[in-house]
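Sharing a structure with you now.
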Amino acid sequence: MTLVGIENENEYFSAGFFSGALEAELADVISRWGEAEKAHNPIIRLADGTVENLAMIEKVWSMSDRVEAEELRRAASHRLLTGLGYTYARAGLTTDLEGEPLVAGICRVADPDGKDLIWILEAPTPGADDLASDPLGVPFISGQFTAEEQEYAELRLNIEEVIDRGVFSRKDGPRFVLVLGLSQLVLAERRKWGSRSVLRFDLHEILSRGGRETLSAMACLLAREALAPETGVPLADRLEEEAQRHANAVTTSLKETVRDAIELLGQEVLNITSGKYPLGM
């Protein structure tokens, strides 16, 4: 499965599963979603918004007025999140850092019991000379917060440090954090974060190509229907289970291959020596 624009960074999924078995695991979901109407089909929602989303990103890149660029950027974020099934709602989210400063949230998803499942954070709009910047590597800026929030905003640490020390460190913190930059989106999962294993989506690359396969995979990996469905087991859980099963099968196969090779080598030595001499003689 060739997913141009999606990077499996530090093996969020094992390399073998991501490049091979993932396609088969997604096929059933893609087929099932294909029978649903647009409102319940994130693949169609993403595909239908491709041209407009790409145009908005590229227009932000070309704008010299940063205030207007920021307004258009928010509209672009709103449009993309809606396509993925989320409700865009700007609000400062409280971290576990000293003083409990706020981060720039644009969506918060909880389970029926009120436990946080997903935080979506918005990285600041990059300048014209830094369009390819890593959204994890920059700090929030005051303009991302309301006047009332700015006094409590976290503006010193970069977003990776904030997630590490102030979000996933919370006992009641979310399982997933999505960081939305202008042209990149990064998915982090609490249990994989220690090794900085993330899925990184190059939005400009994905939208400019408009490949159905990549858009389908993006929907399956990011949409609310996949990470936090209203009913049923999340697709994310099923993929994790299958990825682990695949990794175990590969390990078992490798062990068997090594064992067979040793047995063959031993037999070859016996054949050559007619069994008269012990190994090493």
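The values are calculated or read from the model by the stated rules, or taken from the named source; none is laboratory data. Model, not experiment: these values are computed from the prediction. Heads up, the Cβs are rebuilt from the backbone with ideal geometry, glycines too, and the neighbour counts pull from every protein chain shown. Each accessible area value is taken on the protein alone, full model and side chains, heavy atoms only, with ligands, DNA and RNA left out. Shrake-Rupley method; radii C 1.70, N 1.55, O 1.52, S 1.80 Å.
List pairs: first in the range 171-191 and without any contact (Cβ under 8 Å) to a residue 12 or more places away in the chain and more than 19 Å from Ala132 (Cβ to Cβ), second open to solvent by 10 Å² or more (accessible area, probe 1.4 Å) and assigned to a strand (DSSP E or B), Cβ under 6 Å, 6+ apart or cross-chain?
Taking only residues 6 or more apart or on different chains, not a single pair turns up.
State yes or no: is Glu7 within 20 Å of Glu205 (Cβ to Cβ) and part of a strand (DSSP E or B)? Break it down stepwise before answering.
Details: within 20 Å of Glu205 (Cβ to Cβ): yes; part of a strand (DSSP E or B): yes.
Yes; evaluated as a whole, the condition is true for this residue.
Same structure, new question: Are any residues in the range 119-162 touching a Ser or Thr at 6+ places or on another chain (Cβ under 8 Å), at pLDDT below 95 and crowded, with 19+ Cβ neighbours inside 10 Å, and if so, which ones?
Residue satisfying the conditions is Pro126 alone.
Considering only residues that are among the acidic types (Asp, Glu) and more than 23 Å from Glu161 (Cβ to Cβ), look in the range 102-118 and name the one that is surrounded by the most Cβ atoms within 10 Å (Cβ to Cβ). Steps first, please.
So the first thing to find is which residues in the range 102-118 are among the acidic types (Asp, Glu), and the list is 111, 113, 116.
Cutting the leftovers down to more than 23 Å from Glu161 (Cβ to Cβ) gives us 111, 113.
On the way: Asp111: 12, Asp113: 5.
This residue is Asp111.
Given (1) open to solvent by 40 Å² or more (accessible area, probe 1.4 Å); (2) free of Cβ contacts under 8 Å to residues at least 60 places away in the same chain; (3) closer than 25 Å to Pro139 by Cα, identify the lone condition not met by Ala69.
Condition (1) is where Ala69 drops out.
Need a quick list: strands (runs of 3 or more DSSP E) entirely within the range 168-247 having at least 1 residues that are among the basic types (Lys, Arg) and either open to solvent by 10 Å² or more (accessible area, probe 1.4 Å) or out of contact with any His (no Cβ under 6 Å at 6 or more places or on another chain) (or both). First the steps, then the outcome.
On the way: elements: 176-180, 184-189, 198-202.
Strands (runs of 3 or more DSSP E) meeting the threshold: 198-202.
Let me ask another. Residues in the range 1-28 that are crowded, with 18+ Cβ neighbours inside 10 Å, modelled with pLDDT of 90 or more and closer than 17 Å to Gly210 by Cα: how many?
Qualifying residue count, the range 1-28: 2.
Follow-up. Only residues that are modelled with pLDDT under 90 and part of a helix (DSSP H, G or I): list them for the range 31-48, please. Before you say what the answer is, go through the steps one by one.
Of the residues in the range 31-48, the ones modelled with pLDDT under 90 are 31-40.
Once the filter is applied, which keeps residues that are modelled with pLDDT under 90 and part of a helix (DSSP H, G or I), the range 31-48 yields Ser31, Arg32, Trp33, Gly34, Lys38, Ala39, His40.
Here's something else I'd like to know. Among (1) without any contact (Cβ under 8 Å) to a residue 12 or more places away in the chain; (2) over 22 Å from Leu215 (Cα atoms); (3) exposed (fewer than 14 other Cβ atoms within 10 Å of the Cβ), there is one condition Ser31 misses while meeting the rest; what is its number?
The failed condition is (2).
Any residue at all in the range 237-258 that's at pLDDT 85 or above and either of a type in the set (A, V, I, L, M) or closer than 24 Å to Asp48 by Cβ (or both)?
Yes, that holds for at least one residue.
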